[in-house]
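*Asks:* To start, I am sharing the structure in question, which I have written as structure tokens.
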Number of protein chains: 4
Amino acid sequence: MTDIDAADTQTDNAWLSADELALARSRMPIVYVDAVPVRVDGMGNVEEVGMLLRQGAGGSISRMVVTGRVLYGERVREALMRHCEKDLGPMALPRVPANPTPFTVAEYFPDPAVSGFHDPRHHAVSLAYVVPVDGECEPTQEALDLHWFTPEEAVSDDVVLEMTSGHDRLIRLALAHVGKLP
Amino acid sequence: MTDIDAADTQTDNAWLSADELALARSRMPIVYVDAVPVRVDGMGNVEEVGMLLRQGAGGSISRMVVTGRVLYGERVREALMRHCEKDLGPMALPRVPANPTPFTVAEYFPDPAVSGFHDPRHHAVSLAYVVPVDGECEPTQEALDLHWFTPEEAVSDDVVLEMTSGHDRLIRLALAHVGKLP
Amino acid sequence: MTDIDAADTQTDNAWLSADELALARSRMPIVYVDAVPVRVDGMGNVEEVGMLLRQGAGGSISRMVVTGRVLYGERVREALMRHCEKDLGPMALPRVPANPTPFTVAEYFPDPAVSGFHDPRHHAVSLAYVVPVDGECEPTQEALDLHWFTPEEAVSDDVVLEMTSGHDRLIRLALAHVGKLP
Amino acid sequence: MTDIDAADTQTDNAWLSADELALARSRMPIVYVDAVPVRVDGMGNVEEVGMLLRQGAGGSISRMVVTGRVLYGERVREALMRHCEKDLGPMALPRVPANPTPFTVAEYFPDPAVSGFHDPRHHAVSLAYVVPVDGECEPTQEALDLHWFTPEEAVSDDVVLEMTSGHDRLIRLALAHVGKLP
């Protein structure tokens, strides 16, 4: 069981049993949110992108953005906040954008060839947001590390090689959205 | 059983039984797409908004946009095309936007007070798009009628009174997105 | 001379003389920014919209958003910050979005019939942004008042009647963008 | 005089003399539009990006997107259509998006270091759009060639080397916007 499954099971007991989740995962797309944490300057310019080092959906250690399910009855905004707090710690002070529109819709499929976004566990439709964080981040739960990269570093070969699931592409789309893709 | 359930059952036999769908609906958010069909002039200005007259999720007859589930393994784009063709007919020639980002994310809850978007059957997270259609539309399946409204008509009291589920608000958000909210 | 002209003249001596500005205004579109100040809750939900009471382009007193020119050599982001500080005071702490894309492009013409956005002085192409402000606002310069309205109040007949230039429509487009149009 | 100046002079006699344009260019930002022509499949997926081979603002031959000024009294949409027809020919059938919001705002400065977008002639604030074209394109006026590239080709080193002014970055931002950045 990966860390994400563990987190889901722990959080969602009231909503969905592990069996039911497994069934649903094999039969219908799951609603996800992805959050790309960023540091901005006083003018709103993105200066750094945060990435977690953690065990991914496929089991290997990789650099990832904040990601997780939207629960039954939960607003997308609430899910974003919950996952940011879960992964970045309680003092991160994430600023969920006022605009509910994601910067992209990342469609994760068990087959990596379908969309370039890949999750061996299920078909997930993920709403992806850029989330400025002002406070102190400390990786929580199973995350091993949180590291900040400049836009140039974030798209460099070294960092891209540490990413899976298409998260390297998600970072490029996020940087393009904020006008900082090198 | 409403028309939408009928459509789901008919289309989804290979994916999800009615029981499984009922279970999933009670336990996790469902991925939906909403499409607001529009007529545009040669400059891309929206001139008319199309609305279906059909039996809504609550059973009453109301004016609605095109709406439906995203299936397991299906791209969001494919779902948009499928539902547009299902509701507008095979000659509608819908033009799904190149940009995969919805103009808004409509969150439908069984409790109408949560978000203003309401569906008694389930919690749905719906990606909403404005879809220009160039061809001939003819309502198919259980839709009783398709009618085109100018932006002014589409937000008028008379038309709003015929809408449920928050679709009147979705129309206003769509018109705002294309700069044509009166 | 209206307050806006005064502000321009004062700020722009190094850039453009009054005569040159008058000439340019009569011959080419001017680049503007509009900022709709908002108060957001911890989840990013817009709770209130700020409007200035001031003498508008046409001379009458009306409710307005923050607005002003982009100067030669100035980034759009810098212009947004400058005008927010000028109109909301130095302690407003405006948060210019990371995404440089405006929520709409408001095209102001001397002829009110062209686009619904109107400025008797010139043709302006204005990039419009929603700007959350966290700090204390105090109207500066010629603004007589700054008042905060809930989304419902902001689109009410009473408030709309106090607005000119199409700013009432700009408020509706801004509220739609953040999913809070009633 | 570059091709762009020639086009401006020819089109704008009624609006702005060459001297006045030169003065305005040295004193205030100019409103521009950039259009990235694309071919889409029936689902709206971008399959190819079109680039013109022409003499750029700096005088050298380079690959470029469609670009040009917005005239006094002209809607942004009209400017987009006019420049697309001017550069792609009368049979291109460009489809200007219904949404007036650009995918990015490209700020061109005489100093290449300010924003990464560069124009030696002036400070331009350019609203950039992705424009699907359905018809037959034939480069007109001073353009030497129009060539279509797959997304992979469009961001390849070979093609990037043929681009100036930051147009290579504009192409990457456009591809990111439509979810096709490799």
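Bear in mind that the values in this text are calculations on the coordinates, not laboratory data. Owing to the predicted nature of the structure, the values given are computational and were not obtained by experimental measurement. Glycine also receives a Cβ, built like all others from the backbone with ideal geometry; neighbour counts cover every protein chain displayed.
*Asks:* Using the Kirkwood radius over C-alpha pairs as Rh, can you work out the diffusion coefficient of the protein assembly as shown via Stokes-Einstein at 10 °C, viscosity 1.306 mPa s, in µm² per second?
*Replies:* The estimated diffusion coefficient comes to 60 µm²/s.
*Asks:* Amide H to amide H, which residues 5 or more places from A:Tyr32 or on other chains are under 5 Å from it, using H placed in the peptide plane?
*Replies:* A:Val70, A:Val125, A:Ser126, A:Leu127
*Asks:* Order the peptides A:101-109, C:28-36 from the highest to the lowest mean number of other Cβ atoms within 10 Å of their residues.
*Replies:* Order by mean packing, descending: C:28-36, A:101-109.
*Asks:* Can you give me the distance in nm between label points at D:Asp134 and C:Ala113, each placed 7 Å from the Cα along the Cα-to-Cβ direction?
*Replies:* 3.1
*Asks:* By DSSP, what percent of the beta bridges with both residues in the protein assembly as shown are antiparallel, rounded to the nearest 5?
*Replies:* Of those bridges, close to 65 percent are antiparallel.
*Asks:* Applying the Karplus parametrisation 6.51 cos²θ - 1.76 cosθ + 1.60 with θ = phi - 60° to the phi angles of region C:46-53, what ³J(HN,Hα) value in whole Hz is obtained for each residue in order, glycine and proline being reported as x?
*Replies:* Coupling constants for region C:46-53: 6, 9, 9, 10, x, 9, 8, 9 Hz.
*Asks:* Mind checking which lysines have their Cα closer than 22 Å to the Cα of D:Lys180? Skip sequence neighbours fewer than 8 apart in that chain.
*Replies:* A:Lys180
*Asks:* Provide an ascending nm list, one decimal, of label-point separations from B:Glu162 to the equivalent residue in each further copy; define each label point as 7 Å from Cα along Cα→Cβ.
*Replies:* 3.7, 5.4, 5.9
*Asks:* Okay, moving on. With springs connecting C-alpha atoms under 10 Å apart, model chain D as a Gaussian network and identify which of D:Asp134, D:Asp41, D:Asp87 has the largest mean-square fluctuation.
*Replies:* D:Asp41
*Asks:* Could you pull out which residues in region A:119-144 have an amide N less than 13 Å from a spot 7 Å beyond the Cα of C:Leu93, following the Cα-Cβ vector?
*Replies:* A:134-135
*Asks:* Let me ask something else about it. In nm, what does the list of distances from D:Glu138 to its counterparts in the other copies look like, shortest first, when each label sits 7 Å along Cα to Cβ?
*Replies:* Copy-to-copy label distances for D:Glu138: 3.9, 6.8, 7.0 nm.
*Asks:* Could you list the GluC sites (Glu not before Pro) in region A:116-173 that lie in coil according to DSSP, counting only those with at most 12 other Cβ atoms within 10 Å of their Cβ?
*Replies:* A:Glu136
*Asks:* Translational D (Stokes-Einstein, µm²/s) of region A:31-118 at 25 °C and 0.890 mPa s when Rh comes from the Kirkwood sum over C-alpha pairs?
*Replies:* The calculation lands on 170 µm²/s.
*Asks:* Helix-only estimate, please: 222 nm mean residue ellipticity of chain C, summing -39500 (n - 2.57) across DSSP H runs of length 4 or more and dividing by its residues, to the nearest 500.
*Replies:* -8000 deg cm²/dmol
*Asks:* Of A:Ser62, A:Thr150, A:Leu23, which is farthest along the charge dipole of region A:3-177 in the positive direction, counting Lys and Arg as +1 and Asp and Glu as -1 at C-beta?
*Replies:* A:Leu23
*Asks:* Assign unit charges at the C-beta atoms only (+1 for Lys and Arg, -1 for Asp and Glu), then state the dipole size of region D:101-175 relative to its Cα centre in Debye, rounded to the nearest 20.
*Replies:* In total the dipole reaches around 440 debye.
*Asks:* For region D:83-182, give me the percentage of DSSP beta bridges that are antiparallel, rounded to the nearest 5 percent.
*Replies:* DSSP beta bridges in region D:83-182 are roughly 75 percent antiparallel.
*Asks:* Based on the inverse mean of 1/r over its pairs of different Cα atoms, what is the Kirkwood hydrodynamic radius of chain C, in Å?
*Replies:* The Cα-based Kirkwood calculation yields 16.4 Å.
*Asks:* Let me ask something additional. If contacts are Cα pairs under 8 angstrom and at least 6 residues apart, what is the relative contact order of chain B in percent?
*Replies:* Here the relative contact order equals 27 percent.
*Asks:* Here is a follow-up. Within 12 Å, Cβ to Cβ, of B:Leu173, how many net charges do the neighbouring residues add up to if Lys/Arg are +1 and Asp/Glu are -1?
*Replies:* +3
*Asks:* Can you say what percent of the DSSP beta bridges in chain C, counting only those with both residues inside, are antiparallel? Round to 5.
*Replies:* Counting only bridges with both partners in chain C, antiparallel ones make up about 65 percent.
*Asks:* Also, I was wondering about something else. HN-Hα J couplings of region B:84-96 from phi, Karplus 6.51/-1.76/1.60, θ = phi - 60°, integer Hz, Gly and Pro as x?
*Replies:* Karplus values, whole Hz, x for Gly and Pro: 5, 5, 4, 8, 9, x, x, 9, 6, 6, x, 10, 5.
*Asks:* Same structure again: Please find, in a Gaussian network model of chain D (springs between Cα atoms separated by less than 10 Å), the residue of D:Ala79, D:Ala128, D:Ala113 whose mean-square fluctuation is greatest.
*Replies:* Highest fluctuation of the listed residues: D:Ala113.
*Asks:* Of D:Pro90, D:Val133, D:Phe109, whose Cα points farthest to the positive end of the dipole of region D:3-177 (charges on the beta-carbon: +1 Lys, Arg; -1 Asp, Glu; origin at the Cα centre)?
*Replies:* Result: D:Phe109.
*Asks:* List the pair-distance distribution P(r) of region C:82-182, using every Cα-Cα distance, as the percent of pairs falling in each 10 Å bin from 0 up to the bin containing the longest distance, rounded to whole percents.
*Replies:* 14, 38, 43, 4
*Asks:* Hey, in the GNM for chain D with a 10 angstrom Cα cutoff, which one of D:Ser62, D:Ser26, D:Ser126 fluctuates hardest?
*Replies:* Result for chain D, Cα springs under 10 Å: D:Ser26 fluctuates most.
*Asks:* Continuing with the same structure: What size of dipole, in debye to the nearest 20, comes out for region A:3-177 about its Cα centre when the only charges are +1 on Lys and Arg C-beta atoms and -1 on Asp and Glu C-beta atoms?
*Replies:* Here the size comes out at about 600 debye.
*Asks:* Given a Förster distance of 22 angstrom, what is the FRET efficiency for C:Ala22 paired with D:Glu78, based on the Cβ-Cβ distance and rounded to 0.05?
*Replies:* That gives a FRET efficiency of 0.30.
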